[in-house]
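Asker: Below: one structure in structure tokens.
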Amino acid sequence: MNNPRSPHDAGPHDAGPQDPAPHDVTSHDPTPHDPADRGGVLLLSHVGFSFLEDLIGALDSRGTKAYVLTSLPLPEHLPERLDDLAAKAYDVRSTDSHVLTRADVEEHIAALGRRGERVLGCLTVWEGYRHLMAHANSLLDLPDLAEDQVLALRDKLTLRNALADAGLGRARAAALTPDSLAARRADGGRHFVKPVSGIASLGTFPLTAATTWADIERIAEEARRDPVYASAFGPGVPFLVEDYVPGREFSFELLVADGVAHLAAVHEKCEVTETAGAVLENACTSPPDSLDPAGLAAGRTWVLALLARLDLRWGCFHIEARHHEGRWELIEVNPRVGGSLISHSVKALNGTDDLLGLWIDLLLAAGRPDPDALGAWNRRLAEISYRPDGTPPADRATFFRVFFGERGRIARIALAEDLPVRPAVVQILARAGDRIDSEAREVFLGQLLWSMPLDERERLLPELIRASRDAIEVQYET
């Protein structure tokens, strides 16, 4: 679940420090010879958001600068969003387009270098820019996934069939066309529709006898018109149809350094709502409630085999899968931190580190000349990750719920007063006056997270699931 709210080689159009671009919001005088200057990390942001507050805070706590390169925020967020970022980050630049490009990243890395800044690496949580992050890190001589690997992971059609060929799954997929839609509707089986390269669950839904090609065209047109999400779907917004994957849904949160993988957490999706135009992941708990250590050990073995098969040797991964009759089947591989409160949940589980911070530390360790920097990071991760026998590293549990909007204008939104247990993390992302126009993708209103001792989860979880459904009270204008 992604919520946009929550380059060494110089190009021909580089703007030097003497002629800043119109959207250079803020910058500081470089101090390249200051021994206290630990350099900075380039953060790629989509329309001014993409977990920037969390990322900037994590870099600040490590004494590392945040260089923000963002695509142009939407008109309703200008100029306030850029002014807000300028007060938080060391350096902020916005482009003139709502979508970052390869040239934007190359030119900005070159401009930072001319100003004497030490760019230690590049990071983004916006999946549509993950390939740009990979390209930036290659320019900075830092280990990361290859750019074409990232793009291949986003091609869910090819990936699905390649894993089936390798024996790591049974489901298969085909390009969705009027003919393949009619054939799947007529064959009596269960099937699922999704964009070939999608985001925010837009256009993901079970195929039914009532699904028509006009429905697909309508959702594709909504994706093309969406100013935030359009660039993540690829030209034409192609769709696929695949065998329906049954079972309970889980996500694996992994960090990988030079092929050494660490399973930091596994989340079970307590509630998944399949609507006519999207699949909404409402609530999660970790460790999973329905799997014993043997089942988790099998899941760990399966997901590590998947990483090895795809040669995914560096980075952070949020891998979604379903478990049914003792078998694991992939939903998708996301080469980034999981959305919503996944990162916060990891910190609540291990007591020290959130997932974003661990990913930043991997990036920084990979660039240090100290030959043991990565070794120290690996040893640290081993202490706070799942054991091979499927046991979690700590005796804590979490539960979080995400709240999605309905079409209309919000009149009032607030945290309920009568919750039996107060949440540890409260994020209300919408406000009175906001208008929701989409029904085919996730539109976040807010999210809440509870933390508890693992041995109390069995007693508390049923009540939390029930009471949390109305924990954020929303009223819409009539």
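Asker: Can you list the aspartates and glutamates whose alpha carbon is less than 13 Å from that of K269, not counting same-chain residues fewer than 8 positions off?
Answerer: Hits, sequence-local ones excluded: E249, E281, D289, E320.
Asker: Which whole-number percentage describes the relative contact order of the range 398-476, with Cα contacts under 8 Å and a sequence gap of 6 or more? List each step's numbers first, then the result.
Answerer: On the way: 129 pairs, mean separation 38.5, N = 79.
Normalised by residue count, the contact order of the range 398-476 is 49 percent.
Asker: Hey, can you grab everything whose amide H is under 5 Å from the amide H of S45? Only 5+ residues off in sequence or another chain; H modelled, so Pro and N-termini drop out.
Answerer: Those lying under 5 Å, H to H, from S45 are L69, T70, S71.
Asker: What lysines could a cross-link reach from K88, if we take a straight Cα to Cα line under 22 Å and drop same-chain neighbours fewer than 8 places away?
Answerer: Hits, sequence-local ones excluded: K65.
Asker: Be a star and scan the range 61-104 for residues whose amide nitrogen sits under 20 Å from the point 7 Å along the Cα-to-Cβ vector of I436.
Answerer: Only 76-77 fall inside the zone, counting backbone N under 20 Å.
Asker: Tell me which of I465, I219, H262 sits at the most positive position along the dipole axis of the chain, charges placed on C-beta atoms (Lys, Arg +1; Asp, Glu -1).
Answerer: The residue sitting farthest along the positive end of the dipole is I465.
Asker: Figure the gain on full extension for T352 and A152 (residue separation times 0.36 nm, minus the Cα-Cα span) and round it to one decimal in nm.
Answerer: 68.6 nm
Asker: At 20 °C and a viscosity of 1.002 mPa s, what translational diffusion coefficient does Stokes-Einstein give for the range 295-382, taking Rh as the Kirkwood radius over Cα pairs? Give it in µm²/s as a whole number.
Answerer: Result for D is 147 µm²/s.
Asker: Show me, for the range 375-391, the HN-Hα J-couplings you get by feeding each phi into the Karplus relation (A = 6.51, B = -1.76, C = 1.60, θ = phi - 60°), rounded to Hz, glycine and proline as x.
Answerer: So the Karplus estimates, Gly and Pro as x, are x, 5, 5, 4, 5, 5, 5, 4, 6, 10, 10, 4, 7, x, 7, x, 8 Hz.
Asker: Along the Cα-to-C-beta direction of V426, a point sits 7 Å from the Cα; which residues of the range 444-459 have their amide N less than 19 Å from that point?
Answerer: 445-452
Asker: Work out the length of the dipole vector of the range 407-473 about its Cα centre, built from +1 on the beta-carbon of each Lys and Arg and -1 on the beta-carbon of each Asp and Glu, and round it to the nearest 20 debye. The partial results should precede the final answer.
Answerer: On the way: 11 positive and 12 negative charges, 59 e Å.
So the magnitude is around 280 debye.
Asker: A follow-up question, please. Can you list the HN-Hα couplings for the range 113-119, worked out from phi with the Karplus curve (6.51, -1.76, 1.60; θ = phi - 60°), rounded to whole Hz and with x for Gly and Pro?
Answerer: Per-residue couplings from phi come out as x, 5, 7, x, 7, 9, 8 Hz.
Asker: For a quick check: with amide H placed at 1.01 Å from N, whose amide H comes under 5 Å from A397's, ignoring anything fewer than 5 positions away on the same chain?
Answerer: Result for A397 returns M452, L454.
Asker: Search the structure for amide H atoms under 5 Å from the amide H of L142, placed 1.01 Å from N in the peptide plane, and list their residues when 5 or more places away or on another chain.
Answerer: Residues meeting the amide H criterion: none.
Asker: Each residue of the range 460-465 in order: what ³J(HN,Hα) in whole Hz does its phi give by Karplus 6.51 cos²θ - 1.76 cosθ + 1.60, θ = phi - 60°, with x for Gly and Pro?
Answerer: Couplings: 8, 4, x, 5, 5, 4 Hz.
Asker: Further, regarding this structure: How far, in nm, would the chain grow between D389 and A166 when pulled straight, counting 0.36 nm per residue and subtracting the alpha carbon separation? Working shown, then result.
Answerer: Numbers: separation 223, 0.36 × 223 = 80.28 nm, distance 2.48 nm.
Extra length from D389 to A166 when fully extended: 77.8 nm.
Asker: Can you work out the FRET efficiency for the pair D179 and D470, with r the C-beta to C-beta distance and R0 = 35 Å, to the nearest 0.05?
Answerer: Details: r = 45 Å, r/R0 = 1.29.
Between D179 and D470 the formula returns 0.20.
Asker: Do the sum for the chain: with -39,500 (n - 2.57) for every DSSP H run of n ≥ 4, divided by all residues, what is the mean residue ellipticity at 222 nm, to the nearest 500 deg cm²/dmol?
Answerer: For the chain, the value works out to -9000 deg cm²/dmol.
Asker: Percent relative contact order of the range 172-243, based on C-alpha pairs within less than 8 angstrom and at least six residues apart?
Answerer: Value for the range 172-243: 48 percent.
Asker: By counting other Cβ atoms within 10 Å of each Cβ, how are D370, D91 ranked from fewest to most?
Answerer: Numbers: D370 9, D91 25.
The order, fewest Cβ neighbours first, is D370, D91.
Asker: In addition: Could you give the semi-axes, largest first, of the ellipsoid that matches the range 172-243, computed as the square roots of 5 times the alpha carbon gyration tensor eigenvalues and rounded to whole Å?
Answerer: Three semi-axes, in Å: 22, 11, 10.
Asker: I've got another one for you. For a bin width of 10 Å, list the pair-distance distribution of the range 242-393 built from all Cα-Cα distances, rounded to whole %.
Answerer: 11, 42, 34, 11, 2, 0
Asker: Could you list, bin by bin from short to long, the percent of Cα-Cα pairs of the chain in 20 Å steps?
Answerer: Pair shares across the bins are 23, 58, 18, 0.
Asker: Same structure again: Can you tell me the Rg and Dmax of the range 398-476, counting just the alpha carbons, in angstroms?
Answerer: 13.7, 43
Computed from the coordinates by the stated procedures, all read-outs in this text should not be read as laboratory data. The structure displayed is predicted, hence computed values, not measured ones. Cβ: placed from backbone, ideal geometry, glycine included. Neighbour counts: every protein chain shown.
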